[in-house]
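Trainee: One structure is given below, represented as structure tokens, and several questions about it will come after.
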Amino acid sequence: MFRAVSSPHRTASEEMTLNQLHEFKAYQAELETKIEELRRSREELEASRNKYALLYDFAPVGYFTFDMKGVIQSVNLFGVRLLGVEPEQLINRRFEQYVADEDLFLFGKFLQKVFSGGGKETCRLRLSSDESAPLYVRIEAMVTASGEECLAVLVDITEKKMAESALSESEYNLAKAQSMTHVGSWSFDPVTGNVKASDELLRIMRLTREETTQEAFAGVVHPDDHDLVMEQLRLGTEHGKSYEIEHRLQFSDGSSRWVYTIVEPQVNSAGRVVKLYGTTQDISDRKQAEVELSNKTNELQAIFDSISDGITVYDQDGRVQHHNLTGPQLYPQEIRPGSSCQELFHPETAILPGDCPVERALRGERVETSHVSVRDGQRTQYVDITATPIRDALGERNRALVFFRDVSRKRLQEMHLIQTEKMSSIGVLATGIAHEINNPLTSVAGCAEALLRRFRDEPALKTDCRLDVFPHYLEVIVRESYRCKGIIENLLSFGRKSDGSFAQVEVNVILLEILELLRHQSAYRQIEVVRELHEGLPRVMGDPSGLRQVCMNLLVNAHQAITGKGRVTIQTGLHDGAMIVIKISDTGCGIGQDMIDRIWDPFFTTKEVGKGVGLGLALSYDIVKRHGGEIEVESRLGEGSQFTVTLPVRHE
């Protein structure tokens, strides 16, 4: 730097030199300022270049430079990662090597269009990838000013492409599902009145896309259902309530269809309905099927009810699902909708036992069995039961079809036939043994009568005290021999159903004779006999031997029912002046309820072997019936029995 020296006296040349020096210094300072500005500009430019280079390399898009043949001239880091190769492997290589085969032609046409058009062009390509997932890009390219290269931007649109594909597939599936199920979807904006409808809904409503308006939809509703449909729509719009409705559509050709609509409102935070969403299904086929099914059901129910047998269908839980009219007539309390098979077949246990016909049918068996029900004040009911499984299509939820056939009359007829057969057998047996028994009895009676005549003809025998009771014993032998002959005759008469000979009979006398005979039995001496015989009973017109046999059987049974000490009570009386009543009761072992109906059967006995053959009560029953009377029994096991015989009073 030069330094000026002050001098009072300067020459002109010195003044010029000094001015030049000042100008030089000013110029030097200006240059230094410009140099500093250039330095700062260079630093800023370097920083800016570095920033844009960083943005270029790490931008979320790929930047490429292609020549006219599609050779890569430059590429950023994202583009390198997008193609999945090293940078040095990309430069000077054709981009089409990384394009999927199916899009090669598309890329070639795109490149030609970029260089020939001069404007920005766009296309979508699928790139070849070693990974299983596809890779899709969108390319935007524009030629440079030189016309020798183009700048291209590649954006990864794989996720968008997959989403579009999924959405397209979902829309396709939804459209196919709606078409297959005849369900259309729609939305309604209550503010603007705009309606959006699916293709299937338009097909159901027979409308075109241009006719998608509220008025057009309302015009298709059947006139008879129009007010109801509009009212439901109004309530859904105003109150935001979901609803379901079935109604008809009527078309211009006069035909009609049934539809089923479900509506769901969309409500904002203020509680206001902003949109209604609905689905409408064509249910005409279902409605027609329901009508046909209802007609078929009514037809089957009529057939069902016309069958005289009771028919009941039990569900998989053993509960009544259906029944015809006859079922409740047989079992009014047990066969009702929802009632369990427990009430009828196993009231003692709540679970389904293995022998329950319904349970066996639910397991797939076919069951044939019988059921006997005894109700207070009603006759015994015999029912044949057939249970058949109703197999489920999947084999998981079988049901049971149960037939109930009332065979009470048939069973009684069979019992009468059996009784007739038994009586016939008894008649044949009695006929065969009658002569064999009568001959010895005749000899016994004849010998006893001869001894009695000897006692009468020889007075000396009466004076012998050792023979005092012999006449009495002989009289008993004669009387009982002839009674046995009478019993045989009754047995023959019972087998032949003959009337026999009738006479006036005093019931009290017969009872006293039998008691006199039984009191000599040593086995009966511990038994107390109580007599309550009504005095002055009228006589009965009947067979003395038969009535004697009845009383004998009942008294013998009463005595034999008692083991050790006990009491037998004999009562007679007059009922309404027209019936004589004989009651013989004991304090013996009694008869079980399971056997009480069988005691009248021939050859059925509850006695020990050797103490009876089971004919006494059967014969007694027949004799009493032949006299126009009745014989009944009341008994409790362990408490004793009472037999009651009623006989009509006859004067002829």
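Trainee: Name the residue that is modelled with the highest pLDDT, counting only residues in segment 371-388 that are buried (at least 18 other Cβ atoms within 10 Å of the Cβ) and in contact with a Leu (Cβ under 9 Å, 6 or more places away or on another chain).
Mentor: Out of the qualifying residues, it is Ala387.
Trainee: Which is outside any strand (DSSP E or B) and not assigned by TED's automatic domain parsing to the domain that holds Asp597, of Ile311, Ile335, Ile385?
Mentor: Ile335
Trainee: Also, quick follow-up: Could you check how many residues of segment 170-194 are closer than 19 Å to Arg206 by Cα and out of contact with any helix residue (DSSP H, G or I) (no Cβ under 8 Å at 6 or more places or on another chain)?
Mentor: Residues meeting the conditions: 6.
Trainee: For segment 83-92, give me each residue that is modelled with pLDDT under 85, part of a helix (DSSP H, G or I) and out of contact with any helix residue (DSSP H, G or I) (no Cβ under 6 Å at 6 or more places or on another chain).
Mentor: Those that are modelled with pLDDT under 85, part of a helix (DSSP H, G or I) and out of contact with any helix residue (DSSP H, G or I) (no Cβ under 6 Å at 6 or more places or on another chain): Glu88, Gln89.
Trainee: Tally up the residues in segment 196-212 that are hydroxyl-bearing (Ser, Thr, Tyr) and farther than 18 Å from Val263 by Cβ, please.
Mentor: Final tally of qualifying residues: 1.
Trainee: Please find, within segment 268-289, the residue that is surrounded by the most Cβ atoms within 10 Å (Cβ to Cβ) out of those that are out of contact with any strand residue (DSSP E or B) (no Cβ under 6 Å at 6 or more places or on another chain) and over 21 Å from Val221 (Cβ atoms).
Mentor: Arg272
Trainee: Go through segment 605-652 and give me each residue that's more than 21 Å from Ile580 (Cα to Cα), surrounded by fewer than 20 Cβ atoms within 10 Å (Cβ to Cβ) and modelled with pLDDT of 65 or more.
Mentor: Within segment 605-652, Arg636, Leu637, Gly638, Glu639 meet the criteria.
Trainee: Answer yes if at least one residue in segment 430-441 is modelled with pLDDT of 80 or more and assigned to a helix (DSSP H, G or I), and no otherwise.
Mentor: Yes: one or more hits.
Trainee: Then there's this: Quick check on Val469: is it surrounded by fewer than 17 Cβ atoms within 10 Å (Cβ to Cβ), hydrophobic (A, V, I, L, M, F, W, C) and either closer than 25 Å to Gly577 by Cβ or at pLDDT 85 or above (or both)?
Mentor: no
Trainee: Could you tell me how many of the residues in segment 286-315 are touching a residue at least 60 places away in the same chain (Cβ under 8 Å) and among the charged types (D, E, K, R)?
Mentor: 2
So that you can scan it fast, the table gives a plain yes or no per residue for (1) among the polar types (S, T, N, Q); (2) crowded, with 17+ Cβ neighbours inside 10 Å:
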site: Ser187; (1), (2): yes, no
site: Val195; (1), (2): no, yes
site: Asp199; (1), (2): no, no
site: Met205; (1), (2): no, yes
site: Thr213; (1), (2): yes, no
site: Val220; (1), (2): no, yes
site: Leu228; (1), (2): no, no
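Trainee: Take the conditions part of a loop (DSSP other than H, G, I, E, B), under 28 Å from Asn298 (Cα atoms) and modelled with pLDDT under 85 and apply them to Leu352. Does it pass?
Mentor: Spelling it out, it is not the case that Leu352 is part of a loop (DSSP other than H, G, I, E, B), under 28 Å from Asn298 (Cα atoms) and modelled with pLDDT under 85.
Trainee: Right, something else. Does Phe78 satisfy being modelled with pLDDT of 85 or more, touching a strand residue (DSSP E or B) at 6+ places or on another chain (Cβ under 7 Å), over 19 Å from Glu149 (Cα atoms) and surrounded by 14 or more Cβ atoms within 10 Å (Cβ to Cβ)?
Mentor: yes
Trainee: When segment 183-229 is examined, which residues are found to be under 21 Å from Val267 (Cβ atoms) and over 39 Å from the mean Cα position of the chain (by Cα)?
Mentor: Within segment 183-229, Ser187, Phe188, Asp189, Pro190, Val191, Thr192, Gly193, Asn194, Val195, Lys196, Gln214 meet the criteria.
Trainee: When segment 323-370 is examined, which residues are found to be surrounded by fewer than 11 Cβ atoms within 10 Å (Cβ to Cβ) and charged (D, E, K, R)?
Mentor: The one that is surrounded by fewer than 11 Cβ atoms within 10 Å (Cβ to Cβ) and charged (D, E, K, R): Glu348.
Trainee: Tell me which of these Phe304 doesn't satisfy, since it passes every other one: (1) under 16 Å from the mean Cα position of the chain (by Cα); (2) surrounded by 15 or more Cβ atoms within 10 Å (Cβ to Cβ); (3) modelled with pLDDT under 85.
Mentor: Exception for Phe304: condition (1).
The values are calculated or read from the model by the stated rules, or taken from the named source; none is laboratory data. This structure is a prediction, so every number in the text was calculated from the model and none was measured. Backbone-built Cβ (ideal geometry, glycine too); neighbour counts: all protein chains shown.
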